[in-house]
Each structure stands twice: as C-alpha cells, then as structure tokens.
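Down below is the structure, laid out as structure tokens.
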Amino acid sequence: MIRIAIQTKGRLNEESVGLLRDAGIRFREDRRRFLLKSTDFPVEALYLRDDDIPEAVRDGAADAGIVGYNEVAEKGFDVEVLMRLSFGRCRLSLAVPENAEYTGPDYFNGKTIATSYPNILSGYLKSNNIDANVRVIAGSVEIAPAAGLADSVFDIVSSGATLVSNGLEEVEKVLDSEAVLIVRKGLPEEKKALLDELVFRFTSVINGRDAKYLLMNLPSASIDKAVKILPALRSPTIMPLAQSGWSSMHSVVKESELWDKIASLKEIGAEGILVLDVEKIIL
Ligand code: ATP
Ligand code: MG
C-alpha cells in the first residue's frame, strides 16, 4: 500500500484526481473523509493543503505527493522529485509597478519585495548580489504595492492577467513550475515497486494526452514522402486500399505538430484524414 498526498481543493485538485483516474486509480467520492482508499489499486489518497504536502512526504505521513514544484522548492525538504506531471504550469517572477523605471535586477537594491516564497526569493537575491528587504505575505501578494506594504512583488504568474490588473509588470522570471510527483527517500522495496507502476501509468497517460492518432488515404506513390513527415512510434502502418494505387496510412503525432503535419500531408495528396484522441501510450 502507498499513501499519496493530494491537494484537498484548489488549482491542483481536479487534475491530480483526474490523472489518478486516467491511470486506473479511482476513489469513492466521499469528501467528508481526509483519507480514501482506492478500489482498484493499493493506494490511499491523503487530502491536504498544498503547503503541507512536502512536509507530509518527508515525515512519512504520506509516501508520495502531487504538488507544485514551487512549493517543493520553497520548503527545501529532502524529498525526491520523481516526475513532472505536465499540469499546473506557472512561474515565480519579480514584478514592479508599471510606471517604474526598471533597468535590471539592480533595481531591487534597497527595495521592499512582498512574497509568499521568501526562501526562493532570498536565494535569487543572494546569487545576484542584491540587497533588498523581503516582506512575507501569506495571500494576495499582488495588492501589496498599491496597499503601501512593498515596492514590488515576487509571486506566482501564469497568464500575467492578475499582475496587469494590479498595475504591475513582470520583469524577471526566477523559477518555472508545474505539478510534480514527490516521494520520500529510502522507501521499502514493496512501496518502490508500487511507485514504479504508478510512474509507468502516469507516463502512459501524459504521453497519450499530447498525442493524436491520424488515419488517411494517400496515393501509394507518396508513401516514402509520408513516412518522412510522420515518423510515428516505430514507423507508420500502411495498408493497401481496394482501389489500386492507393494506401491507407495510420500514425501518431504530437498535438502541437498536428496542423503542420496535416498541411504537409495534403501537399503530397493525402485525403480523408481522420484525427482521433489517444487515451494512453505504452512504449
Ligand atoms: P491550499 O488551500 O491547498 O493551500 P492554495 O490557495 O495555496 O491552496 P492554489 O491557488 O490552489 O493554492 O494553487 C496551488 C498550486 O497551483 C500553486 O502552488 C501552483 O503550483 C499552481 N498554479 C498554477 N497556476 C497558478 C496560478 N495562476 N496561480 C496560483 N497557483 C497556480
Ligand atoms: Mg497553499
């Protein structure tokens, strides 16, 4: 049995539960409890505030956890980051009032910076030889300059809309973050084996999310060119159509490359192109 800590509610909860579900690990919906046992896999979910997850994993209250890398980096506990999970993407950045004359990191000398991430910020200031005052604020850091609590902020940014609506401008990105799977160091072999299986399933799900399955008809004379456009997992599947001189080709592409590939395939005569979702990819 492994116990995995996930966020009770908030930005990471839904996708954490969704990733587990797509990996075949479901929990009976019963939110009144803080600890739930899966019905399909020897896993228990421990629901916690995200701030508490790194410590719970270090101390053994949980064997593993799904949490933002930003929290792991800030807490600095000795836990292992086993894999990135491709959701909850954001960055930690310094921002200044939009009318400030920003010239570079030296700007922050003598300034007061509001943040909920004092350790990451202090590390950045130290490595850039900047002497600034760090003011720790638990929430709504972005209002600190307007409220007269600080000159600037160091905070989580994703689209940047929150900064803009508070009259702030992002000037230095310090850390990229996404949700990660963390584990306690020195787990017994039996738990490690379960975690290996979990990582394998998570990887299959995440790879599948980024992939599309393509089917198309194309003139057999274009097959060589098509194989160059679509390298596929090993190589594409090609089958003859009943109509001579034509073939059907099946392949997998990254979603980000889909429309470029389709344009190239149309140029070499592909038609009747079908695009399907991929549920999982087992390599
Ligand atoms: P909790 O109640 O569990 O303490 P919280 O309010 O501290 O929750 P959330 O706002 O739910 O935290 O954010 C959780 C994590 O989601 C962040 O630590 C970060 O890793 C990630 N995240 C992604 N995008 C954003 C964003 N735009 N703003 C805040 N967090 C984000
Ligand atoms: Mg929190």
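Since every read-out is calculated from the coordinates, none of them should be taken as a lab result. The structure displayed is predicted, hence computed values, not measured ones. Heads up, the Cβs are rebuilt from the backbone with ideal geometry, glycines too, and the neighbour counts pull from every protein chain shown.
Let me know the Kirkwood hydrodynamic radius for the range 74-133, please, with Cα pairs as the basis and the value in Å to one decimal.
After inverting the mean inverse Cα-Cα distance, the result is 13.8 Å.
Quick check on the chain: helices-only [θ] at 222 nm, where DSSP H runs of length 4 and up contribute -39,500 (n - 2.57) each and the sum goes over total residues. Nearest 500, please. Kindly include the intermediate steps, with their values, before the conclusion.
Numbers: 8 runs with 77 residues, N = 283.
Using -39500 (n - 2.57) per qualifying helix, the result is -8000 deg cm²/dmol.
Please compute, for the alpha-carbon atoms of the range 213-283, the extent along each of the three principal axes and give them in descending order in Å.
The Cα atoms of the range 213-283 stretch 34, 22, 19 Å along the principal axes, largest first.
Check each of the GluC sites (Glu not before Pro) in the range 61-142 and keep only those in coil by DSSP with at most 14 other C-beta atoms within 10 angstrom; list them in order.
Working: sites: Glu71, Glu74, Glu80, Glu98, Glu101, Glu142; in loops: Glu98, Glu101.
Sites meeting the loop and neighbour criteria: Glu98, Glu101.
Can you pull the three principal axis extents for the Cα set of the range 11-58, in Å, largest first?
The Cα atoms of the range 11-58 stretch 27, 21, 19 Å along the principal axes, largest first.
What are the trypsin sites (Lys or Arg not before Pro) within the range 222-283 that DSSP puts in a loop, where the Cβ has at most 11 other Cβ atoms within 10 Å? Could you put the intermediate results ahead of the total?
Numbers: sites: Lys225, Lys228, Arg234, Lys254, Lys261, Lys266, Lys280; in loops: Arg234, Lys280.
When the trypsin sites (Lys or Arg not before Pro) of the range 222-283 are filtered for loop state and at most 11 Cβ neighbours within 10 Å, Arg234 remain.
Subtracting the Cα-Cα distance from 0.36 nm times the residue separation, let me have the gained length for Glu267 to Val164 in nm, one decimal. It would help to have the intermediate numbers written out before the result.
Values: separation 103, 0.36 × 103 = 37.08 nm, distance 4.32 nm.
The Glu267-Val164 span can extend by a further 32.8 nm.
Antiparallel DSSP bridges in the chain: what percent, to the nearest 5?
Around 75 percent antiparallel, to the nearest 5.
Step through the residues of the range 122-139 one at a time and calculate ³J(HN,Hα) from phi using the Karplus curve (6.51 cos²θ - 1.76 cosθ + 1.60, θ = phi - 60°), rounding each to whole Hz and writing x for Gly and Pro.
Coupling constants for the range 122-139: 4, x, 5, 4, 5, 6, 9, 6, 9, 9, 10, 8, 9, 10, 7, 10, 6, x Hz.
With charges only on Cβ, +1 for K and R and -1 for D and E, what is the dipole size of the range 67-199 about its Cα centre, in debye, rounded to 20? Write out the running numbers ahead of the final one.
Values: 12 positive and 20 negative charges, 57 e Å.
Using only the charged Cβ atoms, the result is roughly 280 debye.
Expressed as a whole percent, how much of the Cα-Cα distance distribution for the range 196-249 exceeds 14 Å? Before the final figure, lay out the partial values.
Numbers: 871 of 1431 pairs.
Distances greater than 14 Å cover 61 percent of the Cα pairs.
With 22 Å as the cut-off, how large is the P(r) tail for the range 118-235, expressed as percent of Cα-Cα pairs? Present the calculation step by step, with values, prior to reporting the outcome.
On the way: 4420 of 6903 pairs.
Of the Cα pairs, 64 percent sit more than 22 Å apart.
Comparing Ala100, Ala242, Ala132, which has the greatest mean-square fluctuation in the GNM of the chain with Cα pairs linked when under 10 Å apart?
Of the options given, Ala242 has the highest mean-square fluctuation.
Explain nothing, just compute: Karplus ³J(HN,Hα) = 6.51 cos²θ - 1.76 cosθ + 1.60, θ = phi - 60°, for every residue of the range 9-14 in order, whole Hz, x for Gly and Pro.
For the range 9-14, the Karplus curve yields 8, x, 5, 9, 4, 4 Hz.
What does the net charge come to around Leu85 if you take all other residues with beta carbon closer than 14 Å to its beta carbon, with K and R at +1 and D and E at -1?
Details: positive: Arg11, Arg21, Arg84, Arg89, Arg201, Arg209; negative: Glu14, Glu15, Asp22, Asp50, Glu71, Asp176, Glu178, Asp210.
Around Leu85, the charge tally is -2.
Could you work out the local net charge near Leu258, counting Lys and Arg as +1, Asp and Glu as -1, over the other residues with Cβ closer than 12 Å to its Cβ? If you can, show how the numbers build up before the last one.
Numbers: positive: Lys212, Lys254, Lys261; negative: Asp210, Glu255, Glu257, Asp260, Asp277.
Surrounding charge for Leu258 is -2.
Residues with amide H under 5 Å of Val252's amide H, sequence separation 5 or more or different chain, H placed in the peptide plane at 1.01 Å from N; which?
Residues meeting the amide H criterion: Leu214, Ala232, Leu233.
Could you derive backbone 3J(HN,Hα) for the range 153-160 from the dihedral phi with the Karplus parameters 6.51, -1.76 and 1.60 (θ = phi - 60°), listing whole Hz in sequence and x where the residue is Gly or Pro?
Once rounded to whole Hz, the list reads 9, 10, 8, 6, 10, 10, 7, x.
Among DSSP beta bridges lying fully in the range 65-224, give the percent that are antiparallel, nearest 5.
On the way: 21 of 28 bridges.
Here the share of antiparallel DSSP bridges comes out near 75 percent.
Can you tell me how much longer the chain between Asn133 and Trp259 gets when fully stretched, taken as 0.36 nm per residue apart minus their C-alpha distance, in nm with one decimal? Before the final figure, lay out each step's value.
On the way: separation 126, 0.36 × 126 = 45.36 nm, distance 4.88 nm.
Extending this stretch completely gives an extra 40.5 nm.
If you average 1/r over every pair of different alpha-carbon atoms in the range 9-167 and take one over that average, what Kirkwood value in Å do you get?
Working: mean 1/r = 0.0561 Å⁻¹.
It is 17.8 Å.
Could you please tell me the mean projected area of the C-alpha convex hull for the chain, averaged over all directions and given in square nanometres to one decimal?
It is 20.3 nm².
Could you sort out which of Lys173/Lys228; Lys75/Lys111; Lys9/Lys280 sit more than 30 Å apart by Cα distance in this structure? Numbers along the way, then the final one.
Working: Lys173/Lys228 38 Å; Lys75/Lys111 24 Å; Lys9/Lys280 26 Å.
Cα-Cα > 30 Å for Lys173/Lys228; rest within.
Let a ≥ b ≥ c be the square roots of the eigenvalues of the Cα gyration tensor of the range 157-224; is it rounded (a/c under 1.5), or, if not, prolate (a/b larger than b/c) or oblate? If you can, show how the numbers build up before the last one.
On the way: a/c = 3.81, a/b = 1.13, b/c = 3.37.
Judged from the Cα gyration tensor, the range 157-224 comes out oblate (a/c at least 1.5, b/c at or above a/b).
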